[in-house]
Amino acid sequence: MDNSQGTQASDQKKYQDFLNMAAHELRTPVAVLKAYLQMLELQLNRENHLSYINTIEKMDLQLNKLLHLISDLQDGVQANSEELHCLMNDFDINDSVKVCCDSAKAANPDCAIDHELDEACPALKGDHDRIEQVIHNLIANAIKYSKGNKIIKIRSFRDGSSIIVSVLDNGPGIPPDQQSKIFEQFYRVKTTAGHAGGLGLGLFICQEIIRKHDGKIGVKSQEGQGSEFWFSLPVKSSERQAFMAEAGY
Ligand SMILES: Nc1ncnc2c1ncn2[C@@H]1O[C@H](COP(=O)(O)OP(=O)(O)OP(=O)(O)O)[C@@H](O)[C@H]1O
Ligand SMILES: [Mg+2]
């Protein structure tokens, strides 16, 4: 077997492993949903409205998980084939951070989620839905991989001709040799990802979205001392010129 055949075989194996894992991940919420549906049938027979609503909410949660997984799968495939589309418009990055923060707080009342925003951030050019998808993913990881008393802080600030958004957590951190690998598709850190579900696609998709915006994404972390994921987005050139002039460049 020559080198290229070896690479092909390992790619194929990676692909099959991924499909297997994806099928498993998809099956789980569907199976839970089926069980709740059966319960609902019983409950409707008894005309018990309170538990009816409670069950509907549980179904909704599982359905949302399923939709989220399917979207990630689609985005992952599109990111691989350069087909992940972004609709570029003017948007306010602080509005996006607030939207994501508020929904994370509402869904996770047991976590201390806080934000600190640079109110002077100018309007940026980008796809606000896609950027919110990135922020949402980073917050979701911060919640998923931290244990116990979860403290999460989201910041926005200006750094020269870029705006930086960062998500800081008090979770397990990431070993230095794996910090760049976690942005590869399907890569998961064995020691921390063990019990948490996931496809290993979230950061890969985030990276592709940020790349489409001419930005950068990265992480600062020390094992046992939390992680700070960040991304930067370029300020529009007209804003940049005004800022440089004001700063005396
Ligand atoms: N905040 C964090 N703290 C510690 N480890 C993290 C954190 N965020 C990501 N990781 C590590 O990076 C890996 C890759 O993250 P990524 O979001 O790409 O995938 P995932 O969370 O495993 O699955 P998915 O996002 O597709 O549901 C995770 O499995 C985990 O090991
Ligand atoms: Mg994730």
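Any read-out appearing in this document is the output of simple, stated calculations on the displayed coordinates, not a laboratory observation. Everything quoted here is computed from the prediction, not taken from an experiment. Ideal geometry is used to build each Cβ from the backbone, glycine not excepted, and the neighbour counts take in all protein chains shown.
How about Lys34: which lysines have a C-alpha closer than 20 Å to its C-alpha, ignoring those fewer than 8 places off in the same chain?
Reachable lysines: Lys58, Lys65.
So if R0 is 45 Å, what FRET efficiency would Lys181 and Leu44 give, r being the distance between their Cβ atoms, rounded to the nearest 0.05? Let's see the in-between values first.
On the way: r = 49 Å, r/R0 = 1.09.
That pair, Lys181 with Leu44, gives E of 0.35.
What pairs in Lys105/Lys181; Lys144/Lys220; Lys125/Lys220 have C-alpha atoms more than 21 Å from each other? Numbers along the way, then the final one.
Numbers: Lys105/Lys181 29 Å; Lys144/Lys220 18 Å; Lys125/Lys220 26 Å.
Those over the limit are Lys105/Lys181; Lys125/Lys220.
For the chain, set up a GNM with springs between Cα atoms under 10 Å and report which of Asn141, Asn80, Asn94 has the largest fluctuation.
Asn80
Note the angle between two axes, namely the Cα long axis of helix 93-107 and the longest principal axis of the Cα atoms of the chain, as a number of degrees from 0 to 90, rounded to the nearest 10.
Result, in degrees: 20.
Helix 128-145: angle to the longest alpha-carbon principal axis of the chain, degrees 0 to 90, nearest 10?
Value to nearest ten degrees: 60.
Near the amide H of His115, under 5 Å away, which other amide H atoms are found, from residues 5 or more places off or on another chain, if H is placed in the peptide plane?
Here the answer is Ile154, since their amide H atoms fall under 5 Å of that of His115.
Taking neighbour Cβ counts within 10 Å as the exposure measure, how do Lys153, Lys190 sort from fewest upward? Show your work: numbers first, answer last.
Details: Lys153 18, Lys190 7.
Arranged by neighbour count, lowest to highest, Lys153, Lys190 become Lys190, Lys153.
Around Ser227, with a cut-off of 11 angstrom between Cβ atoms, what is the net charge of the other residues, counting Lys and Arg +1 and Asp and Glu -1? Each step should come with its number before you reach the end.
Values: positive: Lys220; negative: Asp169, Glu223, Glu228.
Once positives and negatives cancel, what remains is -2.
What percent does the relative contact order of the chain come to when contacts are Cα pairs within less than 8 Å and at least six residues apart?
Working: 340 pairs, mean separation 43.1, N = 249.
Relative contact order for the chain comes out at 17 percent.
In vacuum, with every alpha carbon of the chain counted as one equal point scatterer, what does the Debye formula give for log10 I(q)/I(0) at q = 0.12, 0.14 Å⁻¹? Two decimals, please.
-0.81, -1.04
State, as an integer percentage, the relative contact order of the stretch 127-178 based on alpha-carbon contacts under 8 Å between residues 6 or more apart.
Numbers: 47 pairs, mean separation 16.9, N = 52.
RCO, the stretch 127-178: 33 percent.
Cut-off is 10 Å between beta-carbons; in what order do Arg155, Arg211 appear when sorted fewest neighbours first? Intermediate results must be reported in sequence, preceding the final value.
On the way: Arg155 17, Arg211 13.
Result, fewest neighbours first: Arg211, Arg155.
If each residue's Cβ is checked for other Cβ atoms within 10 Å, how do Asp17, Asp2 rank with the fewest at the top? Write out the running numbers ahead of the final one.
Working: Asp17 11, Asp2 7.
In order of increasing Cβ crowding within 10 Å: Asp2, Asp17.
Can you tell me the length gained on complete extension of the stretch Asn89 to Lys105, counting 0.36 nm per residue apart and subtracting the Cα distance?
Numbers: separation 16, 0.36 × 16 = 5.76 nm, distance 2.71 nm.
3.1 nm is the gain from fully extending Asn89 to Lys105.
FRET efficiency for Ala123 and Asp11, Cβ-Cβ distance as r, R0 = 41 Å, nearest 0.05?
Values: r = 42 Å, r/R0 = 1.02.
My answer for the efficiency is 0.45.
Going by alpha carbons, how many degrees (0 to 90, nearest 10) lie between the helix axis of 202-212 and the longest principal axis of the chain?
Its long axis makes an angle of about 40 degrees.
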